[in-house]
Amino acid sequence: MTGVDRPDRARGSSGSCPITGSFGCHLYRMATGQLFSQTTQALFYNYKQLPIQRMLDFDFLCGRETPSVAGIINPGAEGFQKLFFGQEEIAIPVHSSVEAACAAHPTADVFINFASFRSAAASSMAALKQPTIKVVAIIAEGVPEADTKQLIAYARANNKVVIGPATVGGIQAGAFKIGDTAGTIDNIIQCKLYRPGSVGFVSKSGGMSNELYNTIARVTDGIYEGIAIGGDVFPGSTLSDHVLRFNNIPQVKMIVVLGELGGRDEYSLVEALKHGKVHKPVVAWVSGTCARLFKSEVQFGHAGAKSGGEMESAQAKNQALREAGAVVPTSYEALEGAIKETFEKLAEEGKIAPVPEVNPPPIPEDLKSAIKSGKVRAPTHIISTISDDRGEEPCYAGVPMSTIVEQGFGVGDVISLLWFKRSLPRYCTQFIEICIMLCADHGPCVSGAHNTIVTARAGKDLVSSLVSGLLTIGPRFGGAIDDAARYFKDAYDRGLSPYEFVEGMKKKGIRVPGIGHRIKRADNRDKRVELLQKYAHTHFPSVKYMEYAVQVETYTLSKANNLVLNVDGAIGSLFLDLLAGSGMFSKQEIDEIVDIGYLNGLFVLARSIGLIGHTFDQKRLKQPLYRHPWEDVLYTK
């Protein structure tokens, strides 16, 4: 098929051939007919969920057997994107480059480019250079004109089609659509775009295309194919390119054209009509007749919608089209009547057969929109009561992040909000912070640190090294805080004497949690325990559980010199005093906190600081793989 414009035409020039003075010499080879079909598949550049889903919903509406989007191109990313094809959820492959996508989907011949104006030209050229790609649609506005000219020249030299830039795309009714063309499903159904009609339509404006789809559906049997070429000064394909294409499509019985002031694109259509290149009725209107009401030159919405002289005015173009044989109404308001009259005449002449009406299948509504409209109730999958990130800023237990920062909250305050869902008094949050500081590390020889060091020296990453150390936390290392609190509380609340408590545990074969140390003795107490006890005596309103733990220690020391109250026992008993003495927790809440394992959480949080430190230390020192020395192993039978 031949078209009628030049990629290097200058805006405001006569548009005629510099050799013959005629418009006709600018014909170039383009697609000779239909661009799309029910089997057309596209590659979508720069993932956008909504336009892709709209394409797939249109596919389902039209009864397509396969989705029209074969693959997605997201530079630097690979994998799959989940979308819906009717009721079925499908996975569409994601490729990192144009070349990879074209190789993976050789039957996809349409490239839909949603890149920004900065990268649209480069990615479009990459697509045009692929032998499998025949049509490139460029959605972005503001693509540099020099880049657009290069794309046009390459496309024409290689018999390919560019739609855009600055386009919404195009549609073949009942078969295929580009991105957001024709808008919502409701609009598509209202415009009867789910099945083919008899009208070929081409426009510069994407927004006005939707309006005309609706108008045409009201007074004809609907659209067969519609294209919005885009509003830039240099469109990749012109109005006349598509009119001439429509002329070669048997199913298209009449053509509707909507132009606009500015540029001279419409005159190439005038020449095509004059030279008898179009044999089907053409109804045309050029918008922008109101521009004459302004004293100075007016720039309308599109880059190309700017009258640069009398020939570029809407009135001059409309008159030229009318004289060339197109049906041109007296105003935009009369366009609908002109379309109707032309269609009815063709029907009377028997040139248009009635289109059988079909009932399109209903598109399943997305759960999100159905919930929003109140049509359905859906159960949630997760319950969260400690934080909320849905507003302008995250909140911890209802306290906005800005308040936390502005009021100088510390780590202890944040823990009180996220763990206990309330703001505890300052002495409580400070105690939490002291526990974290005192338990952050206990040297490289304890089991957790040792595991972390060995893992780090094996070349593992931070998380692996940290987890290796954390996994040693349990009843024998750092994990006795909850048990200490649980047993001390039970014994105290039941009124057991230290003797009854310790001996009762002995009979059960259970060691008293929080009592005993591998190094510390009665004459070499753990300094951390002393610091915690001193703080509690100074700030806590009551220390009844700690005093009970000390009484237990007195009894156990009578049995062995190393059965001292250790840091687990000190924290466990003092946390009971914090919970009970603050007056902010019920007995049931205190039991639940101990039961769930809140107190061990303090040790896990604190010791993570030290384990991370050991990981960094080994990495910084570039320590080699650790191998345990033979002399430190007893080899025996």
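Between Ala103 and Glu547, residue separation times 0.36 nm minus the direct Cα-Cα distance comes to 152.3 nm. Computed from the C-beta positions of Asp389 and Leu471, the FRET efficiency with R₀ = 35 Å rounds to 0.70.
In units of the compact-protein estimate 2.2 N^0.38 Å, segment 25-118 shows a Cα radius of gyration of 1.17. So how far apart, in nm, are the two label points at Glu589 and Phe616 if each is 7 Å from Cα heading toward Cβ? In this crude label model, Glu589 to Phe616 measures out at 3.6 nm.
Fully extending the segment from Ile519 to Val463 would add 17.1 nm, taking 0.36 nm per residue of separation and subtracting the current Cα-Cα distance. For segment 238-292, the Kirkwood estimate of hydrodynamic radius, built from reciprocal distances between every pair of different alpha carbons, is 11.8 Å. Dividing the convex hull volume of the alpha-carbon atoms in segment 183-294 by its residue count gives 114 Å³ per residue. Each peptide in 243-250, 281-288 was scored by the mean count of other Cβ atoms within 10 Å over its residues; highest first, the order is 281-288, 243-250.
The charge dipole of segment 363-481, taken about its Cα centre with unit charges on the Cβ of Lys, Arg, Asp and Glu (plus for the first two, minus for the last two), comes to roughly 420 debye.
Per-atom-type breakdown for segment 416-518 gives carbon and sulfur 56% of the accessible area (1.4 Å probe, protein chains only). Here the alpha carbons of segment 578-637 define both size measures, Rg and Dmax, at 21.1, 60 Å.
What the chain shows is 48 Å² of accessible area per residue, with the surface traced by a 1.4 Å probe over protein heavy atoms.
Using a probe of 1.4 Å, the accessible surface attributed to Tyr487 totals some 70 Å² when neighbouring protein chains are kept in position. Given 25 °C and 0.890 mPa s, compute D for the chain with the Stokes-Einstein relation, Rh being the Kirkwood radius over Cα pairs; round to the nearest whole µm²/s. Roughly 79 µm²/s, to the nearest whole number. Counting Lys and Arg as +1 and Asp and Glu as -1 over every other residue whose Cβ lies under 10 Å from the Cβ of Met401, the net charge comes to -4.
A straight chain from Tyr499 to Lys375 at 0.36 nm per residue would run longer than the Cα-Cα distance by 38.0 nm. Across the chain, C-alpha contacts under 8 Å between residues 6 or more apart give a mean separation that, scaled by the residue count, equals a relative contact order of 9 percent. Note on Arg322 and Gln38: their simple-model spin labels are 4.3 nm apart, each label 7 Å out from Cα toward Cβ. Listed by chain and number, the lysines whose alpha-carbon sits under 16 Å from that of Lys253, ignoring those within fewer than 8 places in the same chain, are Lys277, Lys280, Lys340, Lys345, Lys351. With R₀ set to 35 Å, the beta-carbon distance separating Thr330 from Lys351 gives a calculated FRET efficiency near 0.85. Here r is the Cβ-Cβ distance between Asp366 and Glu78 and R0 is 30 Å; the resulting FRET efficiency, rounded to 0.05, is 0.70.
Shown here are the Rg and Dmax of the Cα trace of segment 427-541, at 17.2, 53 Å. Just so you know, the averaged projected area of the alpha carbon convex hull for segment 39-86 sits at 3.2 nm². Spin-label model, Thr554/Tyr535: points 7 Å from Cα along the beta carbon direction are separated by 2.6 nm.
Taking the average, over residues, of other Cβ atoms within 10 Å as the packing measure, peptides 567-575, 60-68, 253-261 rank 567-575, 253-261, 60-68 from highest down.
The values are calculated or read from the model by the stated rules, or taken from the named source; none is laboratory data. Keep in mind that this is a model prediction, so the values were computed, not measured. Note that we place each Cβ from the backbone using ideal geometry, even for glycine, and neighbour counts take in every protein chain shown. Just the protein is used for accessible areas: all its heavy atoms, side chains included, with ligands, DNA and RNA removed. Shrake-Rupley method; radii C 1.70, N 1.55, O 1.52, S 1.80 Å.
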